[in-house]
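Here is the structure we will look at.
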Amino acid sequence: MSDQQAESPDNDNADVIEATESSTEGSRGRRIAGRILKWGTLAMLVVAIPMTFTFVQELRKPGFQSIEARTAEWARTWHLGPLVNWAEQRRYSKDTFAVGGAPTIDLGDLPVATTTTAAPTTTAAPGVTTTTTTTIPPRPHLQPPGSMPTIAAEPAQYEGLFLPRGPEIDGFHGVYTTAVRPDDVHTSLFVFVAWIDPLLTKIEMFPGTDLPGGKWEQPHKIPEDRCASAIFAGNGGFRMGQSRGGYYAEGREQNKLREGAASLVIYKDHTVDVLAWGDGAGPDDLDRISSIRQNLELLIVDGEPSPDLDTTNWGALLGNATYVWRSAWGITADGALLYVGGPALSIHNLVRILLDAGAVRAMEGDINPEWVSGNLYVVEDGKCVGYKGLEGTVVQGGMRAPGRRYLSTDTRDFVAVFADPDRWSPPGASEAPTTSAPALGQGETESAATPTS
């Protein structure tokens, strides 16, 4: 027997031992891999189940938002904001709005203002002729707007011309609207502009179910019993985490107010302002303030574009030259409130339109087509009906959310404008307005003919 043959059994035993050890290590590796897979799957389920549940909840929330918008809202609540911002940057990095052409939206489609004319009354006895002439000074109101500049070489019908909306209040109208082109490139599109007189109206903030969060006495929609006096409603600002500001109402800061933040301020005496918090109004003034919505920094300061216009982030880290649906609130020198909202707006075009409308200070509102909403309201056949400020399809440049938005529960805060209840009563109301006509005084005359026999 050779040496190799003699050593053969030992070699075979070694091979068996090595194979056994290898098999044992392989089994151990498979067990570890199995455990990792098992626990990894469980971990994914632990995360996926609540995420799926909250996603379904998001889809079932009230409102008129698309699945795309609801998905973005849901992602932000799961701290995926950077991913949403990245997607928005890619989406809006290119100008997707129509270039050239003429508008197909008819600005005359919006409901016309209503006028109330009181019938004359006769109180003279038979055989008595009485003639009374009374001159009463008009009650406080702002000078109604006439028109504003438009960049269009050939303006469309009613373009730039402010038309009255809503009911007549003491012989005047509290809301006027118009529309102008965003620039000389997107000539088939309009931007909606509303002018609001706070002396003839009552302006209020309404919280959404999600923004600003918290529980409120104020409902999340325009109540049905106030429909007859509703004239206009417009969107609020960014999500609170992106707004770089706070929210104040009903005597509390739901989200902390930031000094220097652009602020839409509604006072308890019904007047309004747009200002940098701490400059014109601040913490010491809260006892006379009804509500405050802050969003970013001022776009316009002292009637001029903000010096920081090109260096400030005006939304989702988008370049300030990016064309997107944008909105804004502004204040004029005499105290009128302005709302601007529409498509194909760079931050510079938005500021230009605000300045053309007379703004001396302004702040940006919400952006993107899902959130920019400016609606007008009328009563038709006893029912409250809403009209978009820009009627028409999205392709035409019409606002995406329907006109009935804010007549039902909404997820985001908004601002609504009503005819002042102290100066206006619905047609057919059994009682006259609560504010009586002033007594005759200086500048008022009354003459009466003597009775005849």
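Checking each residue in the range 387-415 for being within 15 Å of residue 229 (Cβ to Cβ) and surrounded by fewer than 23 Cβ atoms within 10 Å (Cβ to Cβ) picks out only 407. The residues in the range 155-166 that are in a loop (DSSP other than H, G, I, E, B) and over 15 Å from residue 189 (Cβ atoms) can be counted, and the count is 3. The residues in the range 366-377 that are at pLDDT below 95 and not charged (D, E, K, R) can be counted, and the count is 4. Taken over the range 355-408, the residue count meeting the criterion of being touching a Gly at 6+ places or on another chain (Cβ under 8 Å), of a type in the set (Lys, Arg) and either over 30 Å from residue 279 (Cβ atoms) or not in a strand (DSSP E or B) (or both) is 3.
Taking residue 352, is it over 18 Å from residue 239 (Cβ atoms) and in contact with a Gly (Cβ under 8 Å, 6 or more places away or on another chain)? Spelling it out, it is not the case that residue 352 is over 18 Å from residue 239 (Cβ atoms) and in contact with a Gly (Cβ under 8 Å, 6 or more places away or on another chain).
So that you can scan it fast, the table gives a plain yes or no per residue for (1) assigned to a loop (DSSP other than H, G, I, E, B); (2) in contact with a helix residue (DSSP H, G or I) (Cβ under 6 Å, 6 or more places away or on another chain); (3) under 27 Å from residue 403 (Cα atoms):
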{"site": "214", "(1), (2), (3)": "yes, no, yes"}
{"site": "218", "(1), (2), (3)": "yes, no, yes"}
{"site": "226", "(1), (2), (3)": "no, no, yes"}
{"site": "233", "(1), (2), (3)": "no, no, yes"}
{"site": "254", "(1), (2), (3)": "no, no, no"}
{"site": "258", "(1), (2), (3)": "yes, no, no"}
{"site": "265", "(1), (2), (3)": "no, no, yes"}
{"site": "270", "(1), (2), (3)": "yes, no, yes"}
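The values are calculated or read from the model by the stated rules, or taken from the named source; none is laboratory data. This is a predicted model, so every value here is computed, not measured. Note that we place each Cβ from the backbone using ideal geometry, even for glycine, and neighbour counts take in every protein chain shown.
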